[in-house]
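Report on the following structure.
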Amino acid sequence: METISQFKKVLFVLGGMLMLAHTLYGEAAAKTGTAQRPNIVFILSDDQAWTDYGFMGHADIKTPHLDRLSERGLLFERGYLAAPLCRPSLASLATGLYPFQHGVTGNDVDGNKNRVELDKPVRQAFHQHPSFIKLLSANGYLTHQSGKWWEGSYQDGGFTHGMTHGDPNRRGRHGDAGLSIGREGMKPVTDFIDLAVAEEKPFLLWYAPFMPHTPHNPPERLLKKYSKPGRAMDVARYYAMCEWFDETCGELLGAIEQRGLTENTVVLYICDNGWVAASENADDPNQKKGKYSLRSKASPYENGIRTPIMVSWPGKVKPERSPNLAHAIDIFPTIAAAAGIEAPANLPGIDLLDEKARKERKAVFGVCHAARNMTPGRPDDTLQYLWCVEGDWKLLLRYHVSNPTHYPYLNRWDKAPVRLYNLKDDPHEKNDLASTRPELVERLTKQIEKWHKVPRD
């Protein structure tokens, strides 16, 4: 009996040791599994035209750090946004959905009126949707927000760390305290990188500095560089801001490299919407609109909705200038695929690292709504345009022409119900071909209405 009792004790001890070993092995395996996942660095510039980079061929603007990023990754010169305005554009980037799906169609519900209360239902509805931020946070990533972030605090957005407090009683609906990043240094971001390294966790950086967005207050050394006789000061200031933004990207990418993280870090770049200085089109009475040109920010023209998109992952992504169309809604599925995490099945975008999916895509679509008002729960109320780009062709369908309150600036001059452009021959959309190609207008209109049907005026 004593022998049997001793045998049971041995079994009990061995069982405990096996359980402990299994637990430790499981923890180690889990830790190793998350550590092997790539870090994600998401860089988002603010109010920058698709032409305004060295790697896109601009004659004057210097962007050496983004140029190098474009050379070592997959560059889509023909990238497009879901919306040409910062808040709905950011909402689409985070969720992978179009504005009429997530409900954020403008920057405000009713201009400056009662913003805090009127905005609540829009923000609450938005937070019901999945995002790549929440997905990564739920799968072992440390996630950090800096810069532009409209939808409350960083915690509201699902980030584990961040800068934006989201308190409506303190000024700054664009991202409040987060907007200091870049202009006032990079320490919050580099401190977070060091924290993630110390904890051996993969990380996501949402780096969306308020640049080159106004206020255009670049360092004097850069303003001096871009100031010259015959160049308007608002143009010089904007050009200098583009290079200043690039310098901050160099600091960020340099911090990644200095810590030996480059090989295991996916870097994605996109801009939230375009911007063209008013003085660049001062000779065109249809273009001037105070701070910026009409056919740029908040418009469905190329200078409003087009952006280069880049994905860099050394050793995993072959450097290439892709001829394929890319879209802001692709960011979520691309990040999920790179991290090895399953994305929601209903996302309309593609994984940009999937060459087959890129080649099979024939067209991309988007919207343009009123900038300063939206109707919670009824996103098409303030719709201005639906658009489609297929190959070399772009079609704009105009909505609510009869209601000048939605977008008074465009309604002064852009009342044509449809416009058609050949972007290969006419990248700056100066020659409307709608009247000469009725069959193409009809076919692309049907494609747009199949994508999102809205009653016309």
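What follows draws every value from the coordinates through simple rules; no lab data is involved. Predicted model, so just to flag it, every value in this text is computed and none were measured. For neighbour counting, all protein chains shown are included, and Cβ atoms are generated from backbone atoms with ideal geometry for every residue, glycine included.
One table, with the values for the structure above:
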item: Among beta bridges that DSSP assigns inside the chain, antiparallel share in %, nearest 5; result: 55 percent
item: Sorted by Cβ neighbour density within 10 Å, fewest at the top, the residues Leu325, Leu74; result: Leu325, Leu74
item: Value of [θ]222 nm, deg cm²/dmol, for the chain, DSSP H segments ≥ 4, -39500 (n - 2.57) each, nearest 500; result: -10500 deg cm²/dmol
item: Dimensions (Å) - the chain, Cα atoms, principal axes, largest first; result: 102, 52, 47
item: Neighbour cut-off at most 14 other Cβ (10 Å), DSSP loop, GluC sites (Glu not before Pro), the range 172-252; result: Glu184, Glu199, Glu200
item: Length gained when the stretch Asn112-Asp425 is fully extended (0.36 nm per residue, less Cα-Cα span); result: 108.6 nm
item: Pairs from Lys430/Lys450; Lys201/Lys316; Lys394/Lys453 whose Cα-Cα separation, in the structure shown, is over 22 Å; result: Lys430/Lys450
item: Aspartates and glutamates with Cα under 12 Å of Lys225, excluding same-chain neighbours fewer than 8 positions away; result: Asp60, Glu243
item: With Cα atoms, 0 to 90° folded angle of helix 2-36 axis to the chain main axis; result: 20 degrees
item: Charge dipole (the chain, unit charges on Cβ, about Cα centre) - positive-most of Leu223, Trp451, Phe132; result: Trp451
item: Proximal lysines relative to Lys224, as straight alpha-carbon distance under 30 Å, when same-chain residues fewer than 8 apart are discounted; result: Lys62, Lys148, Lys187, Lys288, Lys289, Lys291, Lys297
item: Mean Cβ count within 10 Å, highest first, over the residues of peptides 435-447, 294-306; result: 294-306, 435-447
item: Shape category assigned to the range 130-268 from the gyration tensor of Cα positions, a/c cut at 1.5; result: oblate
item: Lys/Arg +1, Asp/Glu -1 at C-beta; the chain dipole; positive extreme among Met211, Gly57, Gln101; result: Gln101
item: Tilt relative to the chain, helix 115-126 - C-alpha long axis, 0 to 90 degrees, to 10; result: 60 degrees
item: Computed FRET value (nearest 0.05) for Arg259 with Lys318, which takes r as the C-beta separation and R₀ as 25 Å; result: 0.50
item: Principal-axis tilt of helix 86-95 within the chain, Cα atoms, nearest 10 degrees; result: 40 degrees
item: Surrounding net charge for Ile43, when Lys and Arg each add one and Asp and Glu each subtract one, Cβ distance under 12 Å; result: -3
item: Residue order, fewest to most surrounding Cβ atoms within 10 angstrom, among His161, His144, His369; result: His161, His144, His369
item: Label-zone membership for the range 165-188, site Glu251, 7 angstrom Cα→C-beta point, backbone N under 18 Å; result: 176-188
item: Order of Arg115, Arg398, Arg183, Arg456 under a 10 Å beta carbon neighbour criterion, fewest first; result: Arg456, Arg115, Arg183, Arg398
item: Euclidean distance of C-alpha centroids, the range 314-352 and the range 54-71, integer Å; result: 23 Å
item: Environment charge at Asn169 (Cβ cut-off 15 Å; Lys +1, Arg +1, Asp -1, Glu -1); result: +1
item: Dipole magnitude of the chain about its Cα centre (Cβ charges: Lys, Arg +1; Asp, Glu -1), debye to nearest 20; result: 560 debye
